[in-house]
Structures are given as C-alpha cells and as structure tokens.
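A short worksheet on the structure shown next.
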Amino acid sequence: MKKLFEYANQYVRESDWKDMALLKFCLCAMGVMIGVAISPKHKKAALGIVAGVFTVTYIPLMAKFLNIIVRGIKDEK
C-alpha cells in the first residue's frame, strides 16, 4: 500500500491543473453513475453520507487553497 501512495504522489507531481481537472471530471461522472444506480429506498441515506464526506473533505481542501492565496498576496508585497 505504501508503494501505491508513492506512485500516486509521483502522478500528482508530474501532473498540471488540466490533468487534475480531468481527474475530477472523471470522478464526478463516476459518482453520478453510482448515484443513478442507487435504489430510491436508499437515496436519502446515501445523500446523508456523501454530504458528510463532501463537507469533511471540502473544508481542508479550501483551507489549503486559501492559505496558498494568502501566501501569494503576502509574497507580492
């Protein structure tokens, strides 16, 4: 598993923003396909779970991005 994470880190180092955008669109499409395949009986539970995962992952991602913006502004001065 450690080697897999090393490969993933190398992939990110060798990628640019366009590669990352393609990856995100791919994952979004996969999520939509999974979402339409969920039975109506389980949609509310699935929505609760994915909303939680989204919130827990979005906050640190945006915190890091905003930190980069603030550093960039400070470096410009």
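The values are calculated or read from the model by the stated rules, or taken from the named source; none is laboratory data. The structure displayed is predicted, hence computed values, not measured ones. Quick reminder, even Gly has a Cβ in these numbers, built from the backbone with ideal geometry, and neighbours come from all protein chains shown. Remember, those area values only see protein heavy atoms, side chains included, never the ligands or the DNA or RNA. Shrake-Rupley method; radii C 1.70, N 1.55, O 1.52, S 1.80 Å.
Within the bounds of region 40-60, is there any residue that is outside any helix (DSSP H, G or I) and of a type in the set (V, I, T)?
no
Here is a yes/no grid of residues against (1) open to solvent by 100 Å² or more (accessible area, probe 1.4 Å); (2) charged (D, E, K, R); (3) touching a Gly at 6+ places or on another chain (Cβ under 9 Å):
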residue	(1), (2), (3)
K3	yes, yes, no
Y7	yes, no, no
V12	no, no, no
D16	no, yes, no
L23	no, no, no
M30	no, no, no
V36	yes, no, no
S39	no, no, no
H42	no, no, no
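Pairs only if they're at least six apart or on different chains, beta carbon under 7 angstrom, first in region 51-65 and closer than 15 Å to K24 by Cα, second among the small types (G, A, S) and not in a helix (DSSP H, G or I); list them, first residue then second.
none
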